[in-house]
Amino acid sequence: MTNSTGTAPAHPPIAAKKPSRVTHHGITLEDSYAWLRDSNYPEVSDKAILAHLEQENSWFENRMAPHQPRIDNLFKEMRGRIKEADKSVPQKDGDYLYWVEYEEGAEYKKWWRRPVGAADDGSADQLILDEVALAEGCEYFRLGAIAVSSNAKLLAYAVDDNGSERFTARIKNLETGAMLPDEIPGTLSSLIWVAGDTGIVYSLANEQWRTDNARLHWLGKPLSDDIELYHEDDEGFRVSSSLSANEEWLIIGTGDHETSEVRLLPAADPLAEPILVKPRNAGVEYDVELRDDTLFIHTNDTHENFRLATAPLSEPENWTTLIEGSDEFYLTGFDVFKQFYVTEGRQNGLDKIQIRTYDDPKAVKEIEFPEESYAASLGDNPEWDMSVLRVSYESMISPATTFNYHVEDGRLEVLKVQEIPSGYDRDLYATERLEITARDGTAIPVSVMYRKDRVGTGPLHLYGYGAYGISIPPGFSTTRLSLVDRGFAYAIAHIRGGDDLGRAWYKAGKLESRTNAFTDFVDVAKGLIERGYTQAGKISISGGSAGGELMGAVVNSDPQLFGACVAHVPFVDVLATMLDASLPLTPGEWPEWGNPIEDRAAFELIRSYSPYDNVKAQDYPPLMVTAGLNDPRVTYWEPAKWVAKLRELKTDSNELIYKTNMGAGHGGKSGRFESLHETAEEFAFILWQLGVTD
């Protein structure tokens, strides 16, 4: 890419400095790069801002251009590990078997079905949705919600074509192939069929990109006739809707990161008076399912690792414990079926799936898996009356496997193992689960994989996230092999802030304990060096969004440890964002980070670690930063400001390159191959900075 003069840029762009000051709690904050936020956001039209972003993109292209052959080679490698013509295992739902399929060379899926009992020769196959056709001509495409009506005659789906995560919902007649005139723009939710398939329940994103509503649309009626079934007045809460497993109840939930509340409506009569299960109580989360006239409630009201309770539908607040909360077992969720129910959770950080009977909850049948470190979960199990469960499984060295689990005899039946066309020999690799002691004495789990023929203290890539109670499972990745096959070890730090070891693990990395996530990551890096897996300066690191905040914090605190850092859509301007209640996510984020507007202690803590506010005059490792212009989660100006300040203050001559996807959002480019280009760029940058040759 060239600049406006048609020549390649000779120097990185230097952002203008324009004084800007705000005062909170008697403290004045100065921000010379606040101008990079367009005042018309979410529309970005300021010519100076766009010109600066384009100049950064030009510099990125200029610096990466000499490495294009390696990028191309990495992309070819990664694509070669993907089975291009591939399909999922068909699953029965009512009178049909459903599956998705990729055609050779296709970026997007096609959704298919055929009648149960029909010949598997293609003659009865019906294409119900063609993402390839829908994405034609779009720079970005993402399918959101998709739902077949209970009578199997209609399909509701929602599409985002610019990365803004505001979806347009449409409805297709599956008998004729015709599109109904109904069209609902601005949705951000699931789509739920109710009232005998005559209505759809959905949620609109408001101006602040918050779902504060559940609405009912009657098919064939104008949108002006849509009915608001529920409105949430707390600006920090989000509304979601689902259908109970027996499809008899509409479940409307609302909540933030630590408090929730649920209402029930008959799916056949969504305009009936809602049943409030239990009024919200700060710090108490719960979710609900139903079987006959019994509620099943998953809640943390008596134990932070959650219990499972029941209540009669006639007395929904009268909760009786079915499964006690436990320090050892973290109950992450459950599913109810006609003859049994399933609990999912983690013990010592490893996934557990347990089948239980309604008559005797102590009679537990646990699915046994073949490895000591793995990731497993229930797959797609859409029917109420099931005797065989679909289960997903993988590990850092075992490709994704789809099982049928036969409940009666406890048998696991392999249906499909992820195929790697270019070849993969599992016996060449090893995986370990380590514990590395953090500076406060806490043992931090670390999952590591490497080739068995790896010699010495070579390069190592360390990945982390550590926020929102999101665990990072030790799963399989075909792209990761492009580093591991070049001598890297690959490690996942299961740091506090995630819920890998339970709810207490999450709480120990949020709010006033937030900095534990950062120090855990640094201590894991140091521990891996001490154990001989790598050396200081030979560690590359990466993280995105809140994981990008992690990247910003650790390169501020311990830059000498790392030989390269990649920060994707990094949440680095934490203080300014949490001080701005008008931004889409901010009020709902206060339970995670603290409210610096009202709480001076939260203000001072966030100010002490916010990566942008703590950039200083020191050497930094080589940095690659990405952003999305349409990203509603981490706004584009956060990484733009961070990079500008780094260019101003850093004292080294290491690479700092920054790319904004001008037509994408939080997830980067869409499409299964297009997204590989960005991973290839990331890995080429890492290999370049660590001096690894092919």
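Things to note:
- Filter result for G544 (in contact with a His (Cβ under 7 Å, 6 or more places away or on another chain), closer than 21 Å to N614 by Cβ and open to solvent by less than 50 Å² (accessible area, probe 1.4 Å)): yes
- Qualifying residue in region 69-81 (condition: free of Cβ contacts under 8 Å to residues at least 60 places away in the same chain, open to solvent by 40 Å² or more (accessible area, probe 1.4 Å), in contact with an Asp or Glu (Cβ under 9 Å, 6 or more places away or on another chain) and not basic (K, R)): no
- Selection from region 570-594 of residues that are at pLDDT 95 or above, part of a loop (DSSP other than H, G, I, E, B), within 24 Å of the chain's Cα centre (by Cα) and of a type outside the set (D, E, K, R): P570, F571, V572, G594
- Verdict on D613 being of a type in the set (D, E), under 23 Å from S39 (Cβ atoms), in contact with a helix residue (DSSP H, G or I) (Cβ under 7 Å, 6 or more places away or on another chain) and open to solvent by 10 Å² or more (accessible area, probe 1.4 Å): yes
- There is at least one residue in region 258-277 that is open to solvent by 30 Å² or more (accessible area, probe 1.4 Å) and at pLDDT below 95.
- Residue within region 230-240 that is open to solvent by 50 Å² or more (accessible area, probe 1.4 Å), basic (K, R) and in contact (Cβ under 8 Å) with a residue 24 or more places away in the chain present: yes
- Qualifying residue in region 176-185 (condition: open to solvent by less than 20 Å² (accessible area, probe 1.4 Å), touching a Gly at 6+ places or on another chain (Cβ under 8 Å) and within 29 Å of H257 (Cβ to Cβ)): no
- Residues within region 24-44 that are surrounded by 11 or more Cβ atoms within 10 Å (Cβ to Cβ) and part of a loop (DSSP other than H, G, I, E, B), tallied: 9
- Leading residue by the ranking (most open to solvent (accessible area, probe 1.4 Å)) among those in region 641-655 that are more than 26 Å from the chain's Cα centre (by Cα) and not charged (D, E, K, R): S653
- When A525, A491, A517, A467 are screened for being in a loop (DSSP other than H, G, I, E, B) and open to solvent by less than 10 Å² (accessible area, probe 1.4 Å), only A467 passes.
- For region 244-280, filtered to residues that are β-branched (V, I, T) and in contact with a strand residue (DSSP E or B) (Cβ under 6 Å, 6 or more places away or on another chain), the residue that is farthest from S314 (Cα to Cα) is T254.
- Neighbours by Cβ (under 7 Å, 6+ apart or cross-chain): first from region 323-336, open to solvent by less than 20 Å² (accessible area, probe 1.4 Å); second assigned to a strand (DSSP E or B) and among the aromatic types (F, W, Y): V336/F296
- The number of residues in region 113-138 that are surrounded by fewer than 16 Cβ atoms within 10 Å (Cβ to Cβ) and assigned to a loop (DSSP other than H, G, I, E, B) comes to 11.
- Region 278-295, residues that are part of a strand (DSSP E or B) and either open to solvent by less than 10 Å² (accessible area, probe 1.4 Å) or over 21 Å from R346 (Cβ atoms) (or both): V288, L290, R291, T294, L295
The values are calculated or read from the model by the stated rules, or taken from the named source; none is laboratory data. From a predicted model like this one, the values you see are computed outputs, not experimental measurements. Positions of Cβ are backbone-derived with ideal geometry, glycine not excepted, and every protein chain shown enters the neighbour counts. Quick note on the areas: whole protein, heavy atoms, side chains included, nothing else; ligands and nucleic acids left out. Shrake-Rupley method; radii C 1.70, N 1.55, O 1.52, S 1.80 Å.
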